[in-house]
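In what follows, a structure is listed as structure tokens, so that the remarks can point back to it.
Values in this text are rule-based calculations from the coordinates and carry no lab data. Note that the structure is predicted; figures quoted are calculated from it, not measured. Glycine also receives a Cβ, built like all others from the backbone with ideal geometry; neighbour counts cover every protein chain displayed.
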């Protein structure tokens, strides 16, 4: 990370979710960024995508919205993203981006984007159970679902 160890970084909470109407199909992503009493919502979508791509895109876009290095807690219900970033990605890099089944890793373009976006921050990955009444996860899901529905026609 390009900051000195004694520089105090801002603390940000990011809550994300992805949704897909069909998988693949029209998809959406939603993110809530919170710092202290300030909150910002982001969302968007793609006409033909997958749920995993939308989960990843939500985090990439949220991290991309930060204007300086921060200490970030990413709250997501995606084990795919958390396990990818904390368990699998280093092995994929070493093995030339093939998985344990000797197949090319799916969503490589977004994994590269997510790795790049994460480089600038200190990130803690926090799993939350989806669709379980977690207020920010429910709101991120609503943002993602609304974006997907707007493309579903």
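Ratio of Rg to Rh for segment 77-153, alpha carbon only, Kirkwood?
1.04
What percent of all Cα-Cα pairs in the chain falls into each 10 Å bin, going from 0 up to the bin containing the maximum distance?
P(r) over the chain, rounded to whole percents: 12, 39, 35, 13, 1, 0.
Helix-only estimate, please: 222 nm mean residue ellipticity of the chain, summing -39500 (n - 2.57) across DSSP H runs of length 4 or more and dividing by its residues, to the nearest 500.
My calculation for the chain gives -10500 deg cm²/dmol from helical runs alone.
Sort 43, 150, 101 so the one with the fewest other Cβ atoms within 10 Å of its own Cβ comes first.
101, 150, 43
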